[in-house]
Amino acid sequence: MRTNKSAGFADHTDPELAQLEEGLRTIYTARTRPDYPTWSQLQAKHAASEGGNQRETVLRWVRPLPVRSRRWAPILAALALLLVLTAGAYAGARLILNQLAQSEPATHNLVTHGQFTALNQSMTIDGFTMTLEEAYADANRAILGIVVTKPNLAPLGTGGVWSFEQMRLQTANGVILPAGYFMLNDDTVKLGGSPSATFMSFDAENIQGAPSTLHLQAKITYRCFHTDSSSCSEKALSVANDLNWSFQFDVPFHPGRVASLQQSVTRAGATMTLERVVVTPSETRAYITGLSYGYTDGRSSFSRLALAGKTYTANNAVPVGGWTDQGFSQGTEWSVSFYEPLVAQHGAWTLSVQVWERGTGGACKCEGTPAGTWTFQFVVP
Amino acid sequence: MDHRFVLSALRQNPPQVNDAETEWAETEWMEAAKTDLAAFEPLYLRYRERIYQYVRLRSPSDEDAADATQEVFLRAMKALPRYQTRGIPVVVWLLRITRHLAINQQRRQRPWVSWDALPDRLQPTTEQDVELLVQRQEALERLKIFVGTLKPAERELLALRYAAGLSAPEIAAVIGKRPPAVRKQLSRLLQSLKERYAHENQ
């Protein structure tokens, strides 16, 4: 998928020039595509070239299993299969999900402390069995723990991967929880029958009040994915395009704690307001207004949360309700998420939001300079 | 943008390459990939084809080009911690790595070819009529010969433009020249080729 970027030196009103350019494109892109290594294969080679010394990561979110674990993936898969045969499917799924949970501190903490509700709902379509093993919900996130076992299909073609798509979570009264990120074990499945596991996150900000229980319906599609669909075999595509699962279940709701702050700080002529901080077992989320960067204007933010002698970091703030092409007004609310188990923490917290100027396509005249740092100090009861 | 959401969105709706939003998202992926390599996956899926088409021009075989393409991405992943945006699109950064690799390989190994190992067989894809197809095939063969007579620097411009799919400012960033100079050079080059190509096709 390549856009035509000849503007500026080619006159497209000239048919001869257009014909020449078409000829040049044909010549220069006529090579047959090779069998590119899959992303997992490339990652494995990268890990091998790094001598197995994987960098410590600050954040481990949407990612396959850690490289060290991926190296042991066939053994773990075999072990999981053995467990399924000897101790039942539940034990195998539990093993995979427990391992996956280690990718993120907050989810790991939830699993460790038995905060997930066991559901164990299974549906089988065309030999694919999706099991909703467990679920959890609080005022920041709803998280589903899912395991999929696959039949012995023919190879997927070159580079195709099995992927969870079009996730949709909805409450009984119609409130939609937008899909957020998901953690995967290994989505480039080549061994028939080896299970895929995921913790799927949904944004629970739209849940009003503090219901004791949520009645939820989840709809999930599972399919062979690639940017070039021809890389998935026809069989994989024809089968997987129709794999739509639906589950209904009840899960306890944890409202967490909300610190309403409305604290404003002015730096470099701009006023930013920390509206509130929502602390739940799955996440600590700060809501901010006055942050003035958009989707394409070349700015970004970096946030730090300091409490009890430790500092936690977060990537870009994201606009509440999602990114749009319409730009963002001063009143737009943004959220910054920290995926750490901080619900037991109280007392004095410090949140600093640093906005960086960065250009796109070389347009920025002030690259690499912080526009300012807005620091908020507050007490969480 | 948070790459966790980007990955999910990309899988459901792969975006067009190089529009402003995508460029912004790519910057975010690169930053995220510094701490989480999984964020680099969309960039690999997006650019491997363009890197391959470019590197194939200097490789003696398809297999060598595929290996070199893989090596480009391995080097990129290794260089990720040192990556700084500085307003440079990711594709430019990757092409810089590619050029360095190709130049170094060429120094070490004779089998690496000079510009350009254009394909032996060209297959136009649009015409259905056999006679038109043959004519088009012949025209493309002539164009290939014209390209072969160009200076190496001129052929490199064409390779970056049509194999790697770069814009004039991106080419300038890769080869270290000013965008107006590259634009002017490309414009002159295309004009010259057009006159010869049109004349031969008459």
*asked:* If I ask for residues that are β-branched (Val, Ile, Thr) and modelled with pLDDT under 95, which ones from the stretch A:258-277 would you list?
replied: A:Val258, A:Val265, A:Thr266, A:Thr271, A:Thr273
*Output the residues belonging to the stretch A:1-29 that are at pLDDT below 75 and not aromatic (Phe, Trp, Tyr).*
A:Met1, A:Arg2, A:Thr3, A:Asn4, A:Lys5, A:Ser6, A:Ala7, A:Gly8, A:Ala10, A:Asp11, A:His12, A:Thr13
_Any residue that is part of a loop (DSSP other than H, G, I, E, B) and more than 8 Å from chain A (Cβ to nearest Cβ) - is there at least one of those in the stretch B:179-201?_
no
*asked:* Given the options B:Pro89, B:Pro179, name the one that is more than 29 Å from B:Glu41 (Cα to Cα) and either modelled with pLDDT of 80 or more or in contact with a strand residue (DSSP E or B) (Cβ under 9 Å, 6 or more places away or on another chain) (or both).
replied: B:Pro179
*asked:* Go through the stretch B:32-42 and report how many residues are more than 7 Å from every other protein chain (Cβ to nearest Cβ) and surrounded by 21 or more Cβ atoms within 10 Å (Cβ to Cβ).
replied: 4
_Top-ranked residue in the stretch B:49-79 [being within 9 Å of chain A (Cβ to nearest Cβ) and closer than 17 Å to B:Lys34 by Cα; ranked as modelled with the lowest pLDDT]_ = B:Lys78
*Taking B:Leu140 as the residue in question, decide whether it is at pLDDT below 85, crowded, with 19+ Cβ neighbours inside 10 Å and over 16 Å from the mean Cα position of the chain (by Cα).*
yes
_Of all residues in the stretch B:161-188 being surrounded by fewer than 21 Cβ atoms within 10 Å (Cβ to Cβ) and among the hydrophobic types (A, V, I, L, M, F, W, C), the one that is nearest to the chain's Cα centre (by Cα)_ = B:Ile175
*Mind checking whether some residue in the stretch B:82-89 is in contact (Cβ under 8 Å) with a residue 24 or more places away in the chain, closer than 18 Å to B:Lys34 by Cβ, surrounded by fewer than 20 Cβ atoms within 10 Å (Cβ to Cβ) and not assigned by TED's automatic domain parsing to the domain that holds B:Gly176?*
yes
*Scanning for something facing chain B (nearest Cβ under 9 Å) and modelled with pLDDT under 70, does the stretch A:33-44 turn up at least one residue?*
no
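The values are calculated or read from the model by the stated rules, or taken from the named source; none is laboratory data. Quantities reported herein were computed from a predicted structural model and do not represent experimental measurements. Because the Cβ atoms are built from the backbone with ideal geometry, glycine has one as well, and the counts that use them run over all protein chains shown.
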